[in-house]
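Each remark here refers to the structure printed beneath this line.
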Amino acid sequence: DSGVTQTPKHLITATGQRVTLRCSPRSGDLSVYWYQQSLDQGLQFLIQYYNGEERAKGNILERFSAQQFPDLHSELNLSSLELGDSALYFCASSVAAGGNGDTQYFGPGTRLTVL
Amino acid sequence: QQQVKQSPQSLIVQKGGISIINCAYENTAFDYFPWYQQFPGKGPALLIAIRPDVSEKKEGRFTISFNKSAKQFSLHIMDSQPGDSATYFCAASITGGGNKLTFGTGTQLKVEL
């Protein structure tokens, strides 16, 4: 158990809908990262937050947004969902914003299925 | 644009054998190279990591070999066990660059008895 929690574990929804994925980082970790894992794209970095502020952005669609709250939990919002958004979404956390030995610990993921 | 290339896609090794997975990168700014292990239904977990100032790092049965000039690094699993059967991902990141990980495509390892 990495100490990172994600809810829900599974999510099934329809095209055009909007969903929110939630992540709680390990105790003491200030950074939260979101990754998407799909069969065709592999594991792709989406976005990073550090202590409430956006720190780095990857291949995140404009339909997707995220935020990190004062208690450091994070939410990933996916809107106008398309079939191609079906994937595993992982949250990871680390102590700092990135530096020597700043290991990322991954949660168990949320499996999103868009029908 | 795939910045980290990983091979093979799948690998079958006999129990007690050596498993070798290779990765190559393009961006010379990468300075942190971790390997993650993922079991079905679980998130990736850090296995071992290396920085380019050393050519090899060993932790138990797991060794990373790093060749900076060739921009390649590899994972060796000695005395492979059935419990090692998992998907392995190499990754790379830039210290101070937000720490985002760029992953390889993954290698499915199966260790047979």
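The values are calculated or read from the model by the stated rules, or taken from the named source; none is laboratory data. This is a predicted model, so every value here is computed, not measured. Using ideal geometry, Cβ is built from the backbone for each residue, glycine included, and neighbour counts are taken over all protein chains shown. With ligands, DNA and RNA removed, areas are computed over all heavy atoms of the protein, side chains included. Shrake-Rupley method; radii C 1.70, N 1.55, O 1.52, S 1.80 Å.
The separation of the range B:79-93 from the range A:76-115, counted between C-alpha centres, amounts to 20 Å.
Surface composition of the range A:55-112: carbon plus sulfur atoms hold 48% of the accessible area, using a 1.4 angstrom probe and ignoring ligands, DNA and RNA. Note on surface exposure: A:Tyr33, A:Tyr105 rank A:Tyr105, A:Tyr33 by accessible area, highest first, 1.4 Å probe. In the range A:30-67, comparing the full protein assembly with the chain on its own, the residues that lose 30 Å² or more of accessible surface at a 1.4 Å probe are A:Tyr35, A:Gln37, A:Leu43, A:Phe45. Accessible area ranking (1.4 Å probe, heavy atoms, ligands and nucleic acids excluded), largest first, for A:His10, B:His76, A:His73: A:His10, B:His76, A:His73. Rounded to the nearest whole Hz, the Karplus-based 3J(HN,Hα) values (6.51 cos²θ - 1.76 cosθ + 1.60, θ = phi - 60°) of the range A:106-112 follow the sequence 9, x, x, x, 10, 8, 9, with x at glycine and proline. The residue list B:Pro82, A:Ala87, A:Gly109 was ranked by how far each Cα lies along the charge dipole of the protein assembly as shown toward its positive end, using unit charges on Cβ atoms, and B:Pro82 comes out on top. Phi angles of the range B:17-25 translate, via the Karplus equation with coefficients 6.51, -1.76, 1.60 and θ = phi - 60°, into HN-Hα couplings of x, 9, 9, 10, 10, 10, 9, 10, 10 Hz per residue; Gly and Pro are given as x. The A-B contact accounts for approximately 1500 Å² of buried accessible area, totalled over both chains at a 1.4 Å probe radius. Given +1 at the Cβ of Lys and Arg, -1 at the Cβ of Asp and Glu and no other charges, the dipole of the protein assembly as shown around its Cα centre is 260 debye to the nearest 20.
Pairs of Lys residues in the protein assembly as shown are counted when their Cα atoms are under 17 angstrom apart and they lie 8 or more places apart or on different chains; the count is 9.
Placing +1 on each Lys and Arg Cβ and -1 on each Asp and Glu Cβ, with no other charges, gives chain B a dipole about its Cα centre of roughly 100 debye. Sorting B:Asp31, A:Asp102 on solvent-accessible area from highest to lowest, probe radius 1.4 Å, gives B:Asp31, A:Asp102. Accessible area per residue for chain A, computed on protein heavy atoms with a 1.4 Å probe, is 48 Å².
Other protein chain C-beta atoms within 10 Å of residue C-beta, averaged over B:73-83: 0. Karplus-based coupling profile of the range B:72-89, in residue order and whole Hz: 9, 8, 9, 10, 10, 10, 7, 6, 4, 10, x, x, 7, 4, 5, 9, 10, 10, with θ = phi - 60° in 6.51 cos²θ - 1.76 cosθ + 1.60 and x standing for Gly or Pro. Once each part is reduced to its C-alpha centroid, what is the distance from the range B:1-32 to the range A:1-74 in angstrom? The range B:1-32 and the range A:1-74 have Cα centres spaced 26 Å from each other. For chain A, state the average projected area of the convex hull of the C-alpha atoms over all orientations, rounded to one decimal in nm². Its Cα hull, projected and averaged over all orientations, spans 6.7 nm².
Taking GluC sites (Glu not before Pro) as exposed when their DSSP state is a loop state and no more than 12 other Cβ atoms lie within 10 Å, the longest site-free interval of chain A runs over A:1-61.
A cut-off under 11 angstrom between Cβ atoms defines the neighbours of A:Thr103, and their net charge, with Lys, Arg +1 and Asp, Glu -1, is -1. For chain B, with all protein chains in place and a probe radius of 1.4 Å, 49% of the accessible heavy-atom surface sits on carbon or sulfur. Given +1 at the Cβ of Lys and Arg, -1 at the Cβ of Asp and Glu and no other charges, the dipole of chain A around its Cα centre is 180 debye to the nearest 20.
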